[in-house]
Amino acid sequence: MHRVAPATGTPIRQDSLRAHNLVLTFQQIVDARQAPISRSELAAGTGLTRPTISRIVDELLTAGLIVEAGPARSGTSGRPRVGLSLARTGPAGLGLDIRAGALSACVVDLTGTVRHLEFAPHNGRDRPAEETLHSLARMARTAIRAAADDDLTVVGATFAAPGRVENTSVVRRAPALGWHDVDAGAALSRLIGSAAVPVVVGNDAALSTLGELYAGAPEPRGFVCVSGEFDIGAGIVLDGRPLRGHRGHLGHVLVDSAGPPCVCGASGCLQGYAGLREILAAAGHDGPAEAPAVAIDALVSAGSPAVLHALDRAATGLGIAISGLLNLVEVDTVLLGGGYSLLSSWLVEGIEREIRDRVLSARWTPVQVRPAPLGPDAAVIGAALDAIDTVRRDPNRWLAQPRRQDGQPRQASQSSA
């Protein structure tokens, strides 16, 4: 007798099906980016019925996540169809960053548009971690208030840390800052003082790459983004998607076994040759510089032969390290981000020379090296995009929040500390 195998899957509940269909529909609107999309296009793209689409659209409109912003694109004649786009009020993401010489805070809305960007001087290793985190928290509270003035509600924050991150909270090691086992996520959440704004921590190179990808960096096959700020990091995009990770320590790749000792404890690291502060030191610049890339550019403009030699040495080191990476991943574009974007005119030639000599595939598939569009702002913008991505991926949590009479969610009060 034929036996019927017992069902092993879990039945889909009605509320789960509703949440799934809402995410499916909302993702179509997110992916449309700047072009409004019509209800009929949503039905065609999702396979849902027109009545289901109408109900979901009404729910998203009521929640303030989308707006009617027609007409939608259409290839046919007749009356224009009403388009739907992401709202520029409502949920927002907060990004925090430590860069060479400065702290930064950024707010982006649901469309990914930067709505607030602030900087404050920072001395890096000269300040203890606790003091730095207090400064970042003050900037975060200011950014949250600025967002509220624009009818935006910050739903989360991401801190871009220049080092290895574990459990999206602990900066296990950031050599350029002198940080060891700093639970930056927990500290910032406590110092910001709002339960409605959870803080996660990510690697600054990976977040820079996310920012550059969203800014429109080309990725026909993929690209590598090399960021030079406090520490040298690298992020990778393959097939249009960033590889998620918490390391990206390109600065601590060996480029010369006889090289100088590094702050990480090893010797001959790329950081010792191509770090912005190391380039300044090799050029004979005395004392700290709040904006190392700007200081290097000024020395070049002044005709300093020492800085040109230091930049050539940095380009060689970067080329060696990047070539090793390109022999492992198949991409044809290298973006120079962070401070390197300001110095690309003096780095590209030397990097490309090493790539031609060392990357096997470069003989038949040339690799292009060029400055990244966002440059030094990429990490903080990428961090803010990472924070708002929680709503962009699944708006159900936003919809479930209790709301005020104006439709905005009630948010926990903030500490004024």
*asked:* Helix 14-31 against the longest principal axis of the chain: what's the angle in degrees, Cα atoms only, rounded to the nearest 10?
replied: 50
*By how many nm would the segment from Ala298 to Asn123 lengthen if fully extended, with 0.36 nm per residue of separation less the alpha-carbon distance?*
61.0 nm
_Cβ neighbours within 10 Å, averaged per peptide: list 318-327, 377-386, 298-307 in order, most packed at the top._
377-386, 318-327, 298-307
*Size of the dipole of region 233-370 about the Cα centre, Lys and Arg at +1 and Asp and Glu at -1 on the beta carbon, nothing else charged, in debye to 20?*
320
_Under 14 Å, Cβ to Cβ, from Gly272 - net charge with Lys/Arg +1 and Asp/Glu -1_ = -1
*Relative to the present Cα-Cα distance, how much length would full extension add between Glu349 and Leu17 at 0.36 nm per residue of separation?*
114.0 nm
*In whole Å, what is the distance between the alpha-carbon centres of region 133-206 and region 339-366?*
34
*asked:* Is the C-alpha gyration tensor of region 152-243 telling us rounded, prolate or oblate? Criteria: a/c under 1.5 is rounded; beyond that, a/b larger than b/c is prolate, otherwise oblate.
replied: oblate
*Please give the net charge around Ser341, taking every other residue with its beta carbon less than 13 angstrom from that of Ser341, where Lys and Arg add +1 and Asp and Glu add -1.*
-2
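Go through 336-349, 165-178, 198-211 and give me the packing order, highest mean Cβ count within 10 Å leading.
Highest to lowest by the protection proxy: 198-211, 336-349, 165-178.
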_Two-site label geometry, Ser257 and Glu131: point separation in nm, points 7 Å out along Cα→Cβ_ = 4.2
_For the chain, with +1 on Lys and Arg beta carbons and -1 on Asp and Glu, the positive-most of Thr49, Leu103, Gly233 along the dipole_ = Thr49
*Would you calculate the volume per residue, in Å³, of the smallest convex hull containing every Cα atom of region 172-321?*
150
*What net charge is computed for the residues neighbouring Ile355, neighbours being all others with C-beta under 14 Å from the C-beta of Ile355, Lys and Arg scored +1, Asp and Glu -1?*
-1
*Might you report the magnitude of the Cβ-based charge dipole of the chain about its Cα centre, with Lys and Arg at +1 and Asp and Glu at -1, to the nearest 20 debye?*
1520
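Rounded to whole Å and sorted largest first, what semi-axes of the equivalent ellipsoid does the C-alpha gyration tensor of the chain yield via the square root of 5 times each eigenvalue?
42, 26, 21
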*Among Ala129, Ile29, Leu335, whose Cα sits farthest toward the positive end of the charge dipole of the chain (+1 at Cβ of Lys/Arg, -1 at Cβ of Asp/Glu, about the Cα centre)?*
Ile29
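Read-outs: derived from the displayed coordinates by stated rules, not from any lab. Just so it is clear, the structure is predicted and the values come from calculations on it, not from any experiment. In this analysis, Cβ positions are derived from the backbone assuming ideal geometry, glycine residues included, and neighbour counts consider all displayed protein chains.
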